[in-house]
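A quick write-up on the structure given underneath.
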């Protein structure tokens, strides 16, 4: 007698989590827009418009409202090109889609702004004329990007609140819990399209034990006030 095949039950997607992540990203974008315009009124209006649009469709995003907000507040800004990336006619599904290219565009602009800000800070007292100064500049720009993306309370690319550590709980064979806190460190990656990606790894990640390895585990430098 053949036993029936068991079907793997997939958990439904967490639409509320996606909406919260979208809202955090849009808040950061509006803050960056206002930073350029030095106008708190613009920032508050931008945040209000996008926050309402993010939940206007039964607590999920309204794509047409997102497009309208983008057209009103992103024109003549670094994010202007992202407005055209909203697909107002996506396929059906449990969660609203159609804004993923918009999100990718915003993250790319955010990462470009982070690089530009770190370059400005690192080059303030370094004109990088000589090779030694050029090397120092590259190291300092990299340290700035890593430290700001790790130690800032708000992630400068995704807009989400973050912590520099990870707490996990495991249980021994008697069921006794053991809590462990591990520091998180960042690694930089540049995609073939030229986009910056920041990958978070636990500090216990072992580095391959190559010849004369100086540091077996991940460590990371700080930058100015960004130290954690």
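The values are calculated or read from the model by the stated rules, or taken from the named source; none is laboratory data. These figures come from a predicted structure and were not determined experimentally. Neighbour counts are summed over all protein chains in view; Cβ atoms, including those assigned to glycine, are modelled from backbone coordinates with ideal geometry.
Numbers for the structure displayed
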| quantity | calculated |
| --- | --- |
| Residues satisfying the stated conditions in region 7-35, i.e. closer than 17 Å to residue 95 by Cβ and at pLDDT below 85 | 10, 11, 12, 13, 14 |
| Lone unmet requirement of (1) loosely packed, with under 15 Cβ neighbours inside 10 Å; (2) touching a residue at least 40 places away in the same chain (Cβ under 8 Å) for residue 116 | (2) |
| Flag for residue 30 being assigned by TED's automatic domain parsing to the domain that holds residue 90, in a helix (DSSP H, G or I) and under 20 Å from residue 111 (Cα atoms) | yes |
| Sole residue being in contact with a strand residue (DSSP E or B) (Cβ under 7 Å, 6 or more places away or on another chain), buried (at least 19 other Cβ atoms within 10 Å of the Cβ) and on the phi < 0 side of the Ramachandran plot, chosen from 74, 63, 28 | 28 |
| Residues located in region 85-94, provided they are surrounded by fewer than 18 Cβ atoms within 10 Å (Cβ to Cβ) and within 21 Å of the chain's Cα centre (by Cα) | 85 |
| One residue from 45, 16, 56, 20 being touching a residue at least 40 places away in the same chain (Cβ under 8 Å) and either touching a strand residue (DSSP E or B) at 6+ places or on another chain (Cβ under 6 Å) or surrounded by fewer than 18 Cβ atoms within 10 Å (Cβ to Cβ) (or both) | 16 |
| Of the criteria (1) within 21 Å of residue 27 (Cα to Cα); (2) free of Cβ contacts under 8 Å to residues at least 40 places away in the same chain; (3) more than 14 Å from the chain's Cα centre (by Cα), which one residue 99 fails | (2) |
